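Just so you know, all these numbers are worked out from the coordinates, no wet-lab data involved. Everything numeric in this text was worked out from a predicted model, so none of it was measured. Backbone-built Cβ (ideal geometry, glycine too); neighbour counts: all protein chains shown.
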Amino acid sequence: MKQLAILGSTGSIGRQCLFVVDALSPRFGVVALAAGGNLEELAGQIEKYQPEMVSVGDASKADELAARLREKGIAKRPEIHHGREGMLAVGTHGQADIVVSAAVGVVGLEATYEAVKLGKTIALSNKEVLVAAGELVMAAAHQAGKELLPVDSEHNALHQCLRGGTHGEVRKLMLTASGGPFRKTPIKDLEKVTVEQALAHTNWKMGNRITVDSATMMNKGFEVIEARWLFDMEPAQVDVVIHPQSTVHSMVEFVDGSVLAQLGATDMRMPIQYALTYPERVASNCVALDWPRLKRLDFGKVSTRRFPCVRLAREAMKKGGAFPCALNAADEIAVAAGKDPLQYRLDLLASPVAPGTPIPGGFNAERAKGVLEAVRDMSGWNNRSKLPKGTGMGVSFQFAHAGYVAYVAQVSVDSSKKIKVDKAWAAIDIGNQIINLSQSENLVEGGFVEGMSHLMAWEITIDKGRVVQNNFGQYQPTRMRQLAPNTIEVKFLKTAFPPTGLGEPSLPPAPPALTNAIFAATGVRIRALPLAKQGYTWA
């Protein structure tokens, strides 16, 4: 029985991997699992597979998991690790024969690299491993005498096709791409698409990051880089073709003009099983291609005007060095921030900081979290999906000197493209040295702050450019005034406190929050105020 260590066990690939383990029982056992924060799913996996070791995102989640396992009455409880060290411990577990690298993002890179150096068999689903460090990882694999077995459907298909010839006989690798939900969207409308539309993939059921990357085709750009390293090809030997049906997963063109293609159902359990059982082919009743429904196979050219991310990935691959890693980091941040920019900031603040990371002098993550949580709770940010059509919220955050400011704005837009700022919420932390403990009970109506003497928060309702409601009197927002045509600024002119170094009398995060709210309401990405060129005016 081969033992598995799974990095990203609660994600889409991790869960399907365990399905394959069940289907092929008793071929495989599970010795170690690494997850992020989905403790309910992980606790169920621990109860069923009884691993020796597990890892979670941070220390607080480790404590919570331990408590959950005690409550469940699980007799055989695993060692519980967390963070970077925990991921490494799972990836390098002494009993693991196969390491399934399925963690989303670069978080799984180091553990996978260390597993490669130890000579473990790697079932690789995580694109970032080779995008960010392809040369390094492949050199380690060659030194260990081990082949990386791709789980990604396209690279898995290439791996199968390449069994039909030698490396020197290959002319070109052809990766297929469905084109995602925006394949036929008019280019002029692409700026208006929403996260929800991007997440509506027509063929595959995947996690959020890979689904968004599929919509932009950034994932296909990354797959080009990955294929270049995985199969030791020159950049010009890797191409992409649009194939809406997602039935042909990839093709290999040989020097004699022959083309081998791998076809299969759009089900990740097939490439997972292939990687786990290679070089055997094991019978499966789980996955089969529905031939009667296969009416046609279409192929088309990729438009880099519609999908510029493919071009960016090729440019990064040609430049080499740190460029692919930087491109991946930019994409990772953009996707996470686009889904929920406020929660993304909180997640960043809760994440362990890598050694050597530059941090602004005096920065305090707990105080930063305090102001973000304040505006989140006051504004009802988590319920913003229930806002009527044409209404949106935006958030911004700033740290300067000793102060932390978070700002949420809510705007609405009518059919004539008139924008109205409905409400704004702000929280500011300017330190205990400015406000005494004895004052804290009066800072916010209803005792919102609850003993946080340095945190102030307020809500503003605006009507026709004037503040009509304000629940915090000491830090008084006097008015929202229109400056030049189609520009806006919220002024905070009257304060009972000394200057905080936060750009008084104007609150700096207000304009970005408004810009973000306008985008959420209209679907039009406002690159800079004024808005007149977009056809919008202030109500």
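Of the peptides 372-378, 421-427, 325-331, the ranking by mean beta-carbon count within 10 Å, highest at the top, reads 421-427, 372-378, 325-331.
Ranked from highest to lowest mean number of other Cβ atoms within 10 Å per residue, what is the order of the peptides 382-391, 24-33, 172-181, 1-10?
Working: 382-391: 11.6, 24-33: 18.7, 172-181: 22.5, 1-10: 24.0.
Order by mean packing, descending: 1-10, 172-181, 24-33, 382-391.
Approximating the spin labels as points 7 Å out from Cα along Cα→Cβ, the TRP291-to-LYS117 distance works out to 5.0 nm. Sorting the segments 63-72, 78-87, 158-167 by their mean number of nearby beta carbons within 10 angstrom, highest to lowest, gives 78-87, 158-167, 63-72.
For the stretch 86-92, the Karplus equation 6.51 cos²θ - 1.76 cosθ + 1.60, evaluated at θ = phi - 60°, returns couplings of x, 4, 4, 4, 5, x, 10 Hz by residue, with Gly and Pro reported as x. Spin-label model, THR194 to GLU147: label points 7 Å out along the Cα-to-beta-carbon direction sit 4.6 nm apart.
Can you pick out the pairs among LYS117/LYS301; LYS188/LYS220; LYS220/LYS417; LYS2/LYS127; LYS192/LYS295; LYS184/LYS295 whose Cα atoms lie more than 28 Å from each other? Each step should come with its number before you reach the end.
On the way: LYS117/LYS301 39 Å; LYS188/LYS220 22 Å; LYS220/LYS417 37 Å; LYS2/LYS127 24 Å; LYS192/LYS295 33 Å; LYS184/LYS295 20 Å.
Pairs exceeding 28 Å: LYS117/LYS301; LYS220/LYS417; LYS192/LYS295.
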